[in-house]
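Quick notes on the structure that follows.
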Amino acid sequence: MDQPPAPLHEAMRFRSAERLAERTVEGSARFERAEAWDSLPGLTLSPRLAKQNRIVTFNRSDPAHGAFDMLRTRLLQCLRQNGWTSVAITSPRASCGKSLVALNLAFSLANQSDCRTILMDMNLKEPSIENLLGEKSSGSMEDFLSGNCAAADVLRRFGKNLAIGSNCRPVKYSAELLQSLSAAKALHDMRKWMGPDVVLFDLPSMLPNDDVTAFLPNVDCAILVAAAEQSTLDDVDACERELSERSNMAGVVLNRCRYGIGE
């Protein structure tokens, strides 16, 4: 067989070396991200507390986990179709159960073995994730977003593919921090270091303050959690309009509904 001309042969050799270098870089990045996940302190959650706090996707013994699994599957399809990774979870007003929805969605995603998920408690004025999990956080989300501590100081790992960042103390001037350049940099560095497939941000409710509006530039899309027999249509419509103007709507979740399908 004839040999390719010298210039073509050299180009083929260069391309082969380039591909080898790309694979080496990709392999190194995967190894570093695996090390980053393994280095996180472990998170434990007692089945009793999970049941008490209605975290039904923790061990999937409650049939109600099916609704969150459906939400997980639809969300993953939406994210993959659009090339998105980050999701804001908010509600029109307080007491809609958005933090519980965020936790159940996070544990449901953790059951997807090929999906690495991070859940961050960004309800800075009234953090609740650590209380629902029953474990006090040693790290402050304020310090993390200000660039005064690393992501490893606020994140804890559950299993192989779920990391949860809770918050040990409330933040007074939360909106200013959420829209700061230091917060954007901290989140960018965390994503680069951890390489998650999905990042969920549990944000405060929308209408009482401007925290959600301040943070929306950091996410790809948003889920609005409304409470049955509590959230008004006017409130839901107002929040949907604002979220659609400033980000992408991934959907609306109706929580606290007393009736199942067909009832």
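Would you mind stating whether residue 203 is within 15 Å of the chain's Cα centre (by Cα), within 26 Å of residue 109 (Cα to Cα) and aliphatic (A, V, I, L, M)?
Taking the combined requirement at face value, the residue satisfies it.
For the range 94-107, what are the residues that are touching a strand residue (DSSP E or B) at 6+ places or on another chain (Cβ under 9 Å) and surrounded by 17 or more Cβ atoms within 10 Å (Cβ to Cβ)?
Within the range 94-107, 96, 97, 98, 99, 100, 101, 102, 103, 105, 106, 107 qualify.
Is it the case that the range 60-82 has a residue that's part of a loop (DSSP other than H, G, I, E, B), modelled with pLDDT under 95, over 22 Å from residue 254 (Cβ atoms) and open to solvent by 60 Å² or more (accessible area, probe 1.4 Å)?
Yes, the range 60-82 has at least one match.
For residue 89, which of the numbered conditions (1) part of a strand (DSSP E or B); (2) open to solvent by 30 Å² or more (accessible area, probe 1.4 Å) fails to hold?
Checking residue 89 against (1) part of a strand (DSSP E or B); (2) open to solvent by 30 Å² or more (accessible area, probe 1.4 Å), the one that fails is (2).
Taking the range 186-214 as the search range and keeping residues that are charged (D, E, K, R) and out of contact with any Ser or Thr (no Cβ under 9 Å at 6 or more places or on another chain), which one is farthest from residue 174 (Cα to Cα)?
Going through the qualifying residues, I end up with 192.
Is there a residue in the range 110-117 that is part of a helix (DSSP H, G or I), out of contact with any helix residue (DSSP H, G or I) (no Cβ under 7 Å at 6 or more places or on another chain) and not acidic (Asp, Glu)?
The answer is yes; a qualifying residue exists.
The values are calculated or read from the model by the stated rules, or taken from the named source; none is laboratory data. Because the structure is a prediction, the values reported are computed rather than measured. With ideal geometry, Cβ positions are generated from the backbone for all residues, glycine too; neighbour counts draw on all protein chains shown. Just the protein is used for accessible areas: all its heavy atoms, side chains included, with ligands, DNA and RNA removed. Shrake-Rupley method; radii C 1.70, N 1.55, O 1.52, S 1.80 Å.
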